[in-house]
Amino acid sequence: MPAPSTQPSPSGKPWSDALLDLEGLLERLIRHRVEFVVIGGFAAVAHGVTLLTQDIDICCHFTTDNLMRLQDALADLDPLHRMPSSRPPLRLTRETAAEFHNLYLETNLGQLDCLGDVLGVGGYERVLAESVSVPLPAGPCRILSIDALIRAKEAMGRERDRQAVLQLRAIRERNPGG
């Protein structure tokens, strides 16, 4: 087995610390009762894919109450919008929350992409219906099922998604009931 990389992650921390920060980010969302499903590379890793991920992609319920809980969960992490390039701080109000369908955020614990729809799967309710629960120290966390994750990654069509699909299919074949 190759030795772990000594290069720092994009946050400047060792990779192991950066990945622990991503789990800490999920735990904050769970503690604040944010309605979400993990959908991207972190979900693939939870299923056993060996590719490294540098952010968390979630599909969340884009209701005013849920977005306000999301903001509360991230409040002390200096959340910034990654788009537009001016990177304004996350400052939702009950009035402005309805304007968002996606949020692309940078926090002190890492990047968090919040999507209202998942290509190849659908909106939050459909994503929730096609998710499974995994235990985390802060409580159960929903992640996209292997089959739905394969559809989503096939729909994205990027090289890293194709690599993840190959591994997800192999995992599914080894454990067809899981």
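For this structure, a couple of remarks:
- Phi to ³J(HN,Hα) by Karplus 6.51 cos²θ - 1.76 cosθ + 1.60 over segment 22-32, Hz, x for Gly, Pro: 5, 5, x, 5, 4, 4, 4, 4, 5, 4, 8
- Summing charges over all other residues whose Cβ lies under 15 Å from the Cβ of residue 46, with Lys and Arg as +1 and Asp and Glu as -1, gives -3.
- For a label point 7 Å along the Cα-to-beta-carbon line of residue 126, residues of segment 141-165 with backbone N under 19 Å: 143-158
- Relative to the dominant Cα principal axis of the chain, helix 64-74 is inclined by about 80°.
- CD proxy at 222 nm, helix term only [per DSSP H run n ≥ 4: -39500 (n - 2.57); per residue of the chain; nearest 500]: -11500 deg cm²/dmol
- Dipole axis of the chain (+1 Lys, Arg; -1 Asp, Glu on Cβ), positive-most option in 157, 137, 53: 157
- Against the rule of thumb 2.2 N^0.38 Å, how large the Cα Rg of the chain comes out: 1.02
- Choice from 79, 88, 135 with maximal GNM fluctuation in the chain (Cα, 10 Å cutoff): 135
- Rounded to the nearest 20 debye, the dipole magnitude of the chain is 320 debye, with +1 charges on Lys and Arg beta carbons, -1 on Asp and Glu beta carbons, and the Cα centre as origin.
- Annotation for segment 62-132: GluC sites (Glu not before Pro) lying in DSSP loop with at most 12 further Cβ atoms inside 10 Å of their Cβ are 95.
- Potential extension, residue 31-residue 155 segment - 0.36 nm per residue separation minus Cα distance: 41.5 nm
- Within a Gaussian network of the chain (alpha carbon springs, distance under 10 Å), most fluctuating of 59, 114, 141: 141
- Put in order of Cβ neighbour count within 10 Å, fewest first, the listed residues 154, 35 become 154, 35.
- Whole-Hz ³J(HN,Hα) from phi, Karplus 6.51 cos²θ - 1.76 cosθ + 1.60, for segment 161-171, glycine and proline x: 5, 4, 5, 5, 4, 4, 5, 4, 5, 5, 5
- R0 of 35 Å, Cβ-Cβ distance residue 147-residue 108: FRET efficiency to nearest 0.05: 0.50
Quick note: the coordinates plus some simple rules give every number you see, no bench work behind them. Bear in mind the structure is a predicted one, so any value in this text is a computation, not a measurement. Cβ coordinates were reconstructed from backbone atoms using ideal geometry, including for glycine residues, and neighbour counts include every protein chain displayed.
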